[in-house]
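Visitor: What follows is a structure written as structure tokens; I'll ask about it next.
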Amino acid sequence: MAPTEKELEAFRGEVKAWFEENRPPEPDFLLPQSFMEVGTDEQFYFLRDWQNKVYEAGYLGMAWPEAYGGRGMDQAWQNVVTREMVRQQVPFMVNTIGLNWAGPLILMMGSEEQKKRYIPNILSAEEIWCQGFSEPDHGSDLGNAQLKAERDGDEFVLNGSKIWTSLGRHAKHMILLARSNPEANSKYEGLSFFLAPMDVPGIDVVPIKKMTGEYGFNQTFFTDARIPASTLIGGEGNGWKVAMATLMFERGASGGQAGGHAQMQRESSHLIDLARRSKRGGKPAIEDPLVRDQLVKFVMRERSVRLNSARSAHKALTQDRPHAISISGKYLITELTREMNEYALSLQGTNGAFYVGDPGAVDKGLWHRAYFNAFSATIGGGTSQIQQNIIGERVLGLPKS
Amino acid sequence: MSEKVTISFSEEQEQLLEVAINFARDKSPIKTVRALIEDDLGYDGDIWQEMVDLGWLGVALPEEYGGIGLSLAEVVTLAEPMGRHLMATPFYAVTLTGQALLAGGTEAQKQEWLPKLASGTLGACAFYEPSGEWNLGAPDAVATRDGDSLRLSGSKCAVVNGAGAEVLIVSLLLEGAPALVLVEKGQIPDGALRREVSIDETRRTYGLSLDGITVPASQLLDPARTHEALKHIGKVGCLLLAADMCGAAQAALDYIVEYLNTRKQFDRLIGSYQALKHPTVDVLCAIESARSHLYYAAGEFDGPQGDMAVRMAKVAAQGALSFAGDRAIQFHGGFGFTYDCDAQLYRRRAIWGQSQFGDSAYHRQRLAAMLFDAS
């Protein structure tokens with residue numbers, strides 16, 4: 001049964017207190033802003049222990065079934081927790097891929113055995129997940145993925161490579177899209193989807209240095225790596241459908257995620273705070289008319305996203321294009337985030353010249369990192385341009401490009 | 001706004017929205033819209049009577065004054081579909097007049113006029129002046145006391161449906177302070193109303209010369225409530241226009257999509273070109289956001305966030321319709337340039353909407369003060 005507003009309010013107080021009391025002390029090393037920047041072991045273990053602590057406190061996977069380590073409660077409870085985590089800016093939940101897309105996917109279409117095997121360890125962060133979708137030559141054209149998965153009895157033999165494998169060095173499993181039948185009628189029908197183990201021989205994970213100077217992305221090479229056929233999900237040859245379902249979770253177009261925030265989201269309130277601290281013509285930048293105008297635009301766009309999801313609750317108000325809001329969310333949020341972080345650099349005046357490591361860098365260079373890292377979201381999970389194609393074709397019914 | 005937000009949407013709203021969607025679609029096909037542009041009155045009296053009979057003019061008026069006793073949230077569900085079908089009726093003018101009287105009128109004025117407005121008597125508002133000023137509290141027109149009478153002078157413009165109105169609410173300065181006065185049709189001399197050439201040809205607006213108009217002092221609205229009334233009027237105006245423009249923007253988008261799905265160039269449907277597809281998606285996103293702001297503002301109108309929400313709703317709707325209309329012209333190519341292409345109807349409507357109750361920059365300036373200076 002759905003909780004009442006009053007119950008949720010009381011719960012929020014409890015959650016607020018718990019996070020205030022239990023948030024980890026700030027470490028003496030730079031914390032990543034999302035799961036895509038976890039470059040060192042100390043960063044990883046810090047974040048893994050933190051997720052485990054949040055889970056043990058009962059604040060993760062609250063709406064997932066009890067049989068698999070969740071608590072079987074209404075999603076509203078979990079939402080309270082997630083919002084409070086964002087509000088308090090506590091470190092994010094590092095097993096992002098597991099919690100937000102592999103987990104819901106397994107719950108949706110995995111076998112009973114797979115659910116029992118994988119879900120509890122996703123929540124506790126005992127087993128980290130990574131994603132094997134993009135390949136060096138196939139990013140936006142995901143359906144053209146070429147990594148080979150050849151059946152050999154009870155096993156598949158993998159050859160090829162995947163790229164942008166966040167958490168690849170720490171992952172126990174990979175959600176993997178691979179070509180199991182090169183002779184299929186269409187490129188899509190030749191794909192299969194695996195919950196592939198990362199600890200078998202023949203898998204090498206090589207870090208990639210990012211434009212921020214950080215690590216976190218990897219290229220993963222598969223050379224005659226043998227994985228059990230039992231790790232197939234959705235059935236052989238159905239990989240494309242499974243991948244599409246996964247992307248719906250990744251883009252937030254489908255619900256069912258375990259909860260917890262996935263990144264240190266910068267919000268307009270942080271930008272406003274920065275404008276108060278920055279100077280224009282001897283006065284706080286927040287008093288400059290042009291700055292004010294721009295900040296209001298950001299505040300409105302940010303509100304739009306929240307109000308869109310509030311409007312989704314009313315069928316009568318979405319009847320013309322029922323999927324418009326869910327399908328466009330990723331595009332709107334990621335572009336807004338990128339632009340807000342970009343604007344923050346302008347607010348810093350001459351200090352915009354300083355980067356992480358320089359004593360003059362504003363907020364230790366956090367905004368510069370955030371701006372560069374924002375591209376990982378406007379590119380990853382389907383670029384903004386691909387999103388525009390999808391929205392145009394699925395929501396507006398425009399012809400394929 | 002880091003906490004959860006909800007949009008309240010009542011059963012009445014849902015029912016009215018459905019009825020209004022069907023009504024506006026049936027009564028205002030584009031052919032009719034075009035025909036009414038050529039018509040002097042500018043609307044169909046029979047259709048207006050149907051709206052009156054449905055009780056739509058009294059929706060947000062209290063029952064004690066002959067209304068239905070719902071709220072402006074329900075009015076929004078009527079105004080949006082009307083905007084979508086560019087429906088020309090005095091609905092906007094009469095609703096605004098009723099709200100002005102409700103917020104600022106004396107008890108006697110409300111008793112006399114609100115039941116009439118609820119049953120279809122036409123009313124109009126004369127707030128704007130040749131100065132182009134948006135601030136409703138700074139008129140140039142003046143009322144001078146002359147015994148028990150008020151002598152009016154100055155000129156007003158953009159009086160929507162002013163010609164047919166039995167009653168007008170006029171803003172002016174009385175003894176140096178803003179005031180509102182009620183002027184009856186019979187008190188307006190011949191020739192004082194001049195039909196204007198409106199950028200939005202589906203509207204009938206008038207200039208009004210106040211010189212020579214004298215009314216009894218009893219026609220002054222309650223002076224103690226002038227400030228509050230002007231604030232309310234501005235808020236209502238923004239909300240109604242936001243609804244209207246949200247509706248029209250959806251029609252403009254449909255119009256673009258229809259063309260992109262049928263027109264071929266270089267042997268391909270032009271909607272397959274990303275140069276057209278992607279901006280069209282951005283139009284959609286602007287509209288979706290605008291509708292969310294609109295329905296939030298509708299539900300929150302009288303709440304603590306009401307003022308902010310309504311301004312945001314107007315800014316968002318304004319942006320969406322301007323953008324949609326502008327791209328509708330461009331994407332129709334050479335045809336888009338012609339009077340026969342409906343794109344101009346939407347673009348003109350946006351320009352008109354922008355001219356009333358403050359444009360987007362005007363509201364953002366005020367929103368900034370609310371968002372950044374409060375505390």
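Visitor: Given the criteria modelled with pLDDT of 95 or more and not in a helix (DSSP H, G or I), does B:Leu78 qualify?
Guide: Details: modelled with pLDDT of 95 or more: yes; not in a helix (DSSP H, G or I): no.
Judged against the criteria, B:Leu78 is not a match.
Visitor: Give me the strands (runs of 3 or more DSSP E) completely within the stretch B:185-235, filtered to those with at least 3 residues that are among the small types (Gly, Ala, Ser) and within 30 Å of B:Leu86 (Cα to Cα), ordered by residue number.
Guide: Values: elements: B:193-195, B:205-209, B:213-216.
Answer list for the stretch B:185-235: none.
Visitor: Right, here's the next one. Filter the stretch A:310-328 down to residues that are within 15 Å of B:His293 (Cα to Cα), of a type outside the set (A, V, I, L, M) and at the interface with chain B (Cβ under 7 Å from one of its Cβ atoms) and give me whichever is surrounded by the fewest Cβ atoms within 10 Å (Cβ to Cβ). Give the steps one after another, and end with the answer.
Guide: First, the residues of the stretch A:310-328 that are within 15 Å of B:His293 (Cα to Cα): A:310-314, A:317-318, A:325.
Now narrow it down to the ones that are of a type outside the set (A, V, I, L, M): A:311-312, A:314, A:318.
Still in the running and at the interface with chain B (Cβ under 7 Å from one of its Cβ atoms): A:311, A:314.
Values: A:Arg311: 24, A:His314: 17.
Filtering first and then ranking leaves A:His314.
Visitor: Next question. Return yes when B:Asp340 is among the charged types (D, E, K, R), within 14 Å of chain A (Cβ to nearest Cβ) and surrounded by fewer than 18 Cβ atoms within 10 Å (Cβ to Cβ) and no when it is not.
Guide: Working: among the charged types (D, E, K, R): yes; within 14 Å of chain A (Cβ to nearest Cβ): no; surrounded by fewer than 18 Cβ atoms within 10 Å (Cβ to Cβ): yes.
No: the conditions fail for B:Asp340.
Visitor: Here's something else I'd like to know. Here are some conditions: (1) more than 7 Å from chain B (Cβ to nearest Cβ); (2) in contact with a His (Cβ under 8 Å, 6 or more places away or on another chain). A:Leu307 meets all but one. Which one does it not meet?
Guide: A:Leu307 satisfies every listed condition except (1).
Visitor: Moving on to the next point. Of the conditions (1) touching a strand residue (DSSP E or B) at 6+ places or on another chain (Cβ under 7 Å); (2) crowded, with 24+ Cβ neighbours inside 10 Å; (3) of a type outside the set (S, T, N, Q), B:Arg151 satisfies every one except a single condition; which number is it?
Guide: The failed condition is (2).
Visitor: Going through the stretch A:268-304 one residue at a time, which ones are under 17 Å from A:Asp363 (Cα atoms), open to solvent by 60 Å² or more (accessible area, probe 1.4 Å) and more than 9 Å from every other protein chain (Cβ to nearest Cβ)?
Guide: Those that are under 17 Å from A:Asp363 (Cα atoms), open to solvent by 60 Å² or more (accessible area, probe 1.4 Å) and more than 9 Å from every other protein chain (Cβ to nearest Cβ): A:Asp273, A:Arg277, A:Lys279.
Visitor: If you scan the stretch B:34-67, which residues turn out to be over 12 Å from B:Pro115 (Cβ atoms), open to solvent by 40 Å² or more (accessible area, probe 1.4 Å) and part of a loop (DSSP other than H, G, I, E, B)?
Guide: B:Asp39, B:Asp40, B:Leu41, B:Asp44, B:Leu54
Visitor: Let me ask something else. Determine the pairs where a residue that is farther than 20 Å from A:Cys130 by Cβ, located within the stretch A:253-273, has a partner that is among the small types (Gly, Ala, Ser) and open to solvent by 30 Å² or more (accessible area, probe 1.4 Å) with Cβ atoms under 6 Å apart, the partner being 6 or more residues away or on another chain.
Guide: Once the first residue is farther than 20 Å from A:Cys130 by Cβ and sits in the stretch A:253-273, its partners that are among the small types (Gly, Ala, Ser) and open to solvent by 30 Å² or more (accessible area, probe 1.4 Å) give A:Ala253/A:Ser326.
Visitor: Okay, moving on. Using beta carbons and a limit of 8 Å, which pairs, at least six apart or on different chains, have the first residue in the stretch A:123-135 and under 11 Å from A:Val94 (Cα atoms) and the second one assigned to a loop (DSSP other than H, G, I, E, B) and of a type in the set (Phe, Trp, Tyr)?
Guide: Every condition considered, the pairs that remain are A:Leu123/A:Trp64.
Visitor: Considering only the stretch B:288-308, state which residues are facing another protein chain (nearest Cβ under 10 Å) and open to solvent by less than 10 Å² (accessible area, probe 1.4 Å).
Guide: Within the stretch B:288-308, B:Ala290, B:Ser292, B:His293, B:Leu294, B:Tyr295, B:Ala297 meet the criteria.
Visitor: Another question about this same structure. What number of residues within the stretch B:343-375 are open to solvent by 60 Å² or more (accessible area, probe 1.4 Å), of a type outside the set (A, V, I, L, M) and within 13 Å of chain A (Cβ to nearest Cβ)?
Guide: The total comes to 4.
Visitor: Oh, and also: Would you tally the residues in the stretch A:22-75 being aliphatic (A, V, I, L, M), over 24 Å from A:Val205 (Cβ atoms) and over 19 Å from the mean Cα position of the chain (by Cα)? It would help to see each step written out before you state the result.
Guide: As a first pass, look at the stretch A:22-75 and keep what is aliphatic (A, V, I, L, M): A:30-31, A:36, A:38, A:47, A:54, A:57, A:60, A:62-63, A:67, A:73.
In the following step, the residues that additionally are over 24 Å from A:Val205 (Cβ atoms) were identified as A:54, A:57, A:60, A:62-63, A:67, A:73.
Still in the running and over 19 Å from the mean Cα position of the chain (by Cα): A:57, A:67, A:73.
Looking only at that region, the number is 3.
Visitor: Does B:Arg311 qualify as being more than 18 Å from the chain's Cα centre (by Cα) and within 14 Å of another protein chain (Cβ to nearest Cβ)? Before you say what the answer is, go through the steps one by one.
Guide: Working: more than 18 Å from the chain's Cα centre (by Cα): no; within 14 Å of another protein chain (Cβ to nearest Cβ): yes.
No, not satisfied.
Visitor: Right, next: Might you let me know whether the stretch A:57-67 holds any residue that is in a loop (DSSP other than H, G, I, E, B) and at positive phi? I'd like the intermediate steps shown before the answer.
Guide: Of the stretch A:57-67, the ones in a loop (DSSP other than H, G, I, E, B) are A:57-65.
Pick out the ones that are also at positive phi and you get A:58, A:61.
Taking every residue of the stretch A:57-67 in turn, at least one turns out to be in a loop (DSSP other than H, G, I, E, B) and at positive phi.
Visitor: In the set A:Tyr331, A:Tyr355, which member is facing chain B (nearest Cβ under 9 Å), among the aromatic types (Phe, Trp, Tyr) and within 26 Å of A:Gly216 (Cβ to Cβ)?
Guide: On the way: A:Tyr355 fails: facing chain B (nearest Cβ under 9 Å).
From the options A:Tyr331, A:Tyr355, the qualifying one is A:Tyr331.
Visitor: Separate question: If I filter the stretch B:169-189 for residues that are within 21 Å of the chain's Cα centre (by Cα) and at pLDDT below 95, do I get at least one hit?
Guide: No, the stretch B:169-189 contains no residue that is within 21 Å of the chain's Cα centre (by Cα) and at pLDDT below 95.
Visitor: Please go through the stretch A:14-35 and give me each residue that is farther than 30 Å from A:Tyr215 by Cα and open to solvent by less than 40 Å² (accessible area, probe 1.4 Å), ordered by number.
Guide: Matches in the stretch A:14-35: A:Val15 only.
Visitor: Does A:Arg169 fit the bill of being open to solvent by 50 Å² or more (accessible area, probe 1.4 Å), within 28 Å of A:Val54 (Cβ to Cβ) and in contact with a strand residue (DSSP E or B) (Cβ under 7 Å, 6 or more places away or on another chain)?
Guide: On the way: open to solvent by 50 Å² or more (accessible area, probe 1.4 Å): yes; within 28 Å of A:Val54 (Cβ to Cβ): yes; in contact with a strand residue (DSSP E or B) (Cβ under 7 Å, 6 or more places away or on another chain): yes.
Answer is yes for this residue.
Visitor: Scanning the stretch B:7-33 for residues that are part of a loop (DSSP other than H, G, I, E, B) and surrounded by 14 or more Cβ atoms within 10 Å (Cβ to Cβ), which turns out farthest from the other protein chains (Cβ to nearest Cβ)?
Guide: As a first pass, look at the stretch B:7-33 and keep what is part of a loop (DSSP other than H, G, I, E, B): B:7-10, B:28-29.
Checking the rest, the ones that are also surrounded by 14 or more Cβ atoms within 10 Å (Cβ to Cβ) come to B:7-10, B:28.
Values: B:Ile7: 4, B:Ser8: 9, B:Phe9: 5, B:Ser10: 10, B:Ser28: 17 Å.
Out of the qualifying residues, it is B:Ser28.
Visitor: Restricting attention to the stretch B:262-279, does a residue exist that is touching a residue at least 40 places away in the same chain (Cβ under 8 Å), closer than 27 Å to B:Arg203 by Cα, open to solvent by less than 40 Å² (accessible area, probe 1.4 Å) and more than 7 Å from chain A (Cβ to nearest Cβ)?
Guide: no
Visitor: Just the residues that are surrounded by fewer than 16 Cβ atoms within 10 Å (Cβ to Cβ) and more than 8 Å from chain A (Cβ to nearest Cβ), please, taken from the stretch B:249-261.
Guide: Residues satisfying the conditions are B:Asp254, B:Glu258.
The values are calculated or read from the model by the stated rules, or taken from the named source; none is laboratory data. The shown structure was predicted, so the numbers you read here are calculated from the model rather than taken from an experiment. Cβ sites come from the backbone with ideal geometry, for glycine too, and all protein chains shown count toward neighbours. Side chains are part of the model used for accessible areas, which takes the heavy atoms of the whole protein and leaves out ligands, DNA and RNA. Shrake-Rupley method; radii C 1.70, N 1.55, O 1.52, S 1.80 Å.
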